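A.B. asks: Submitted below is the structure of interest, expressed as structure tokens.
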């Protein structure tokens, strides 16, 4: 493995569905000689493009999981992370954006900047990923790269600068004029593999000169040397121009624009040249980890292979030889046979095989060092885990995992589906810490839990596609909770005399609300009115009431129990008797302590074009949302609100239809909050109906 | 209960006459200070006080994101509660928040027609009807009187009063009337002007206009540690 970090590029190809992202990836792999034949995405020849390895993706022509693929171009090593273009797969997207240093934003020359491109662009902005734009499909009728560049400026606010102009368009699209070298490029051969360099056609010379001047002007903002040369109208050295363009690109203040047609095999090679020339290498990008010993404060990592290891497992895949773990090394290097520590579990792991991936094929290598992406075999871990050298306690992702807020019952169709379903669930819970599952002891149903409606839908769909596990789903249920609002006393006697030895126990004390704790138990019994050996039984009895609250059978939280008196009988008192007494006491006190229902409230952030701000605020307000604020950011606005999760079902559809699909939103759990009286009544009705159905 | 306690303990009451607002509808107030002395903290306390009295407050910030503005409220509310020795406050701030709406704009993107359009979005759908408006970070340096005139008309139409923060500079000489240069051209639009003055370890609140100075002077201070308003009278 080479070790010149300056020549490594970890890039993503991000785009709107159907703008030709996968085709472009495929062509890149062909020109870099990683594959030897070209297939179509929609799989006319039954093979399908190499990057989409999941069935679901092949069928729909979209990309869900991010496979990392390695290739080489002109002495540079390029890792392509295939990023999902769909908003709903956020965890996947966020993980893959995390490991990228730069990206190619693919746009359709006909469709231009569509709503999805806006979404993708927003994500890149959030993660500060420098990008270059590639205007694809210049051979299509209606192609107009100049319009797309104008949209890049107006809709996305990019300082878009063309590095090429097209030679002919639509049916007559022949090649491009390179404005850096002022040459015309044509692509010959069956698959466009031969690049023919010629003089610029006479009719394009004036336009090329004008565009070049524009480009030099834009680039000169990033280089005094270039500015001087341009002002003095001297010959501009290529290196100076490139380094100025690169500086602007890395700072995200300039977006170079290239164009071509991946499907017609035109102008993909110049794109690769530009990726190498302008996108950052791993050491140009600052990466930070969180220090676990220091309250998760950020620490800057050095992309130095001799430092202690810090690496992120960003993707897991089930291969024929076991679990394959994709990692990005940020610091140090992971070699075959070395020992690393999984920060989350604290377990030491020995590295067996280290490989470099090319979609479904792999190549064994000795080690992966800082800045590189590789894959490990046979390592037990979950997606998002951080691996470090022994003695280091850094993590790439926060260890905080939120509690799931929504649940869904799933029932397998048949016995085979049952087996596959458990395989799938096992895998998904490992991949995603916010996805959980358990079996309900009463109904015997399998319950999956997660962070939102879509989150669960995606997993149900993946179960069907990848594991052939057909399941039927129930209605999603919000994780409500019960708690009390005031102090109340209890004094309960449990007495039973039915043949044999009787049961007797009396428990007295009070119940009161407590903040920030689920359950507190305090024993203030004096004088042995409850013998010490039964105190534990009392606590157990109280605890057993928490999982199903007496009010509406939701889990009870924020309760403090204090016992201060009681009575026992020398013969009839037992553990069981005191447990029963405690349960009775809990019910007695709880009813008097004004129990209420709490519901999960989500922090919802909507990013929308400013013209839809009013409708979006209206939409959030209708859903019992409390709008925190609206932030105006030029063409886009960001609206932040707190909305009860129960009201968020179907929100994405409503949002799409009222904003022409141009808005996107993120949602995360914020807090539990008291349910208003009218809603609480409705919930009580639903629970009653559900009970009746179950009975 | 808690709300009542907080209102009673609020030293700002010595501004108002018998619980009335300091400013009438359509009037402008300004809080003047150099950077870092506590203009925003002062405004947020005015807002919290209004929210405790169930008045709707629109907070417009021209340089800070929504999250940061929210943090100001959370922090000052906590300090206020701590000072009043009120525990068990969970939920009180959450109950207050529906009385607040934060809007942020980029300084260069802030225009009166735009603000009016946003406000119409809110009022037409019956989502939020402000009774008090705070504008933090208005660029007085450019001193465009016309924009302020338009804002004043808007405030009159909506029946709200508006508080501004005015960023002054220590090296600037006040005008003949004792106004900072930033307000020189538009000072007459303001009905109440308060100046925060860092003197030694203390920050005093000096009324330059609109409030009898003996009512406040030497009595109200801003605690430099918490930026809370303190009544020493």
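A.B. asks: Can you list residue pairs whose Cβ atoms sit under 6 Å apart, with the first residue in region A:468-484 being on the phi > 0 side of the Ramachandran plot and surrounded by fewer than 22 Cβ atoms within 10 Å (Cβ to Cβ) and the second being at pLDDT 85 or above and not in a strand (DSSP E or B)? Count only pairs 6 or more apart in sequence or on different chains.
C.D. replies: A:468/A:420
A.B. asks: Name the residue, out of B:103, B:51, that is touching a helix residue (DSSP H, G or I) at 6+ places or on another chain (Cβ under 8 Å) and under 26 Å from residue B:207 (Cβ atoms).
C.D. replies: Just a single option satisfies the conditions, and that option is B:51.
A.B. asks: For region B:86-124, which residues satisfy the criterion of being surrounded by fewer than 20 Cβ atoms within 10 Å (Cβ to Cβ), facing chain A (nearest Cβ under 10 Å) and under 20 Å from residue B:54 (Cα atoms)?
C.D. replies: Those that are surrounded by fewer than 20 Cβ atoms within 10 Å (Cβ to Cβ), facing chain A (nearest Cβ under 10 Å) and under 20 Å from residue B:54 (Cα atoms): B:89, B:90, B:91, B:94, B:95, B:97, B:98.
A.B. asks: Further question: Would you mind listing the helices (runs of 4 or more DSSP H) fully within region A:540-658 where at least 1 residues are within 14 Å of another protein chain (Cβ to nearest Cβ) and in contact with a strand residue (DSSP E or B) (Cβ under 6 Å, 6 or more places away or on another chain)?
C.D. replies: Ranges flagged: A:613-622.
A.B. asks: Could you list, in sequence order, all residues of region A:333-347 that are under 26 Å from the mean Cα position of the chain (by Cα) and at positive phi?
C.D. replies: A:346 - this is the single residue of region A:333-347 that is under 26 Å from the mean Cα position of the chain (by Cα) and at positive phi.
A.B. asks: Sticking with this structure for a sec: Looking only at region B:125-138, how many residues end up being within 13 Å of another protein chain (Cβ to nearest Cβ) and assigned to a strand (DSSP E or B)?
C.D. replies: Of the residues in region B:125-138, 2 are within 13 Å of another protein chain (Cβ to nearest Cβ) and assigned to a strand (DSSP E or B).
A.B. asks: For residues that are under 19 Å from residue A:257 (Cα atoms) and modelled with pLDDT of 75 or more, tally how many sit in region A:87-117.
C.D. replies: Counting residues in region A:87-117 that are under 19 Å from residue A:257 (Cα atoms) and modelled with pLDDT of 75 or more gives 13.
A.B. asks: Follow-up. Filtering region A:17-54 down to residues that are closer than 12 Å to residue A:134 by Cβ and at pLDDT below 80, which residue is nearest to the chain's Cα centre (by Cα)?
C.D. replies: A:21
A.B. asks: Continuing with this model, one more query. Which residue, of A:306, A:318, A:284, A:273, is modelled with pLDDT of 85 or more and surrounded by fewer than 19 Cβ atoms within 10 Å (Cβ to Cβ)?
C.D. replies: Matching residue, one of A:306, A:318, A:284, A:273: A:273.
A.B. asks: Among the listed residues A:525, A:507, which satisfies the condition of being part of a loop (DSSP other than H, G, I, E, B), crowded, with 19+ Cβ neighbours inside 10 Å and modelled with pLDDT of 85 or more?
C.D. replies: Being part of a loop (DSSP other than H, G, I, E, B), crowded, with 19+ Cβ neighbours inside 10 Å and modelled with pLDDT of 85 or more holds for just one of A:525, A:507, which is A:525.
A.B. asks: Among the strands (runs of 3 or more DSSP E) lying completely within region A:245-341, list those that include at least 1 residues that are within 15 Å of residue A:132 (Cβ to Cβ) and either out of contact with any strand residue (DSSP E or B) (no Cβ under 7 Å at 6 or more places or on another chain) or in contact (Cβ under 8 Å) with a residue 60 or more places away in the chain (or both). Let's see the steps before the verdict.
C.D. replies: Numbers: elements: A:255-259, A:287-291, A:297-301, A:310-319, A:322-331, A:333-335.
Once the strands (runs of 3 or more DSSP E) in region A:245-341 are filtered for at least 1 residues that are within 15 Å of residue A:132 (Cβ to Cβ) and either out of contact with any strand residue (DSSP E or B) (no Cβ under 7 Å at 6 or more places or on another chain) or in contact (Cβ under 8 Å) with a residue 60 or more places away in the chain (or both), what remains is A:255-259.
A.B. asks: List every residue pair whose Cβ atoms sit under 6 Å apart, with the two residues 6 or more apart in sequence or on different chains, where the first one lies in region A:224-244 and is touching a residue at least 12 places away in the same chain (Cβ under 8 Å) and the second, anywhere, is not in a helix (DSSP H, G or I).
C.D. replies: A:244/A:222; A:244/A:223
The values are calculated or read from the model by the stated rules, or taken from the named source; none is laboratory data. Because the structure is a prediction, the values reported are computed rather than measured. Every residue, glycine as well, gets a Cβ built from its backbone with ideal geometry; the counts of neighbours run over all protein chains shown.
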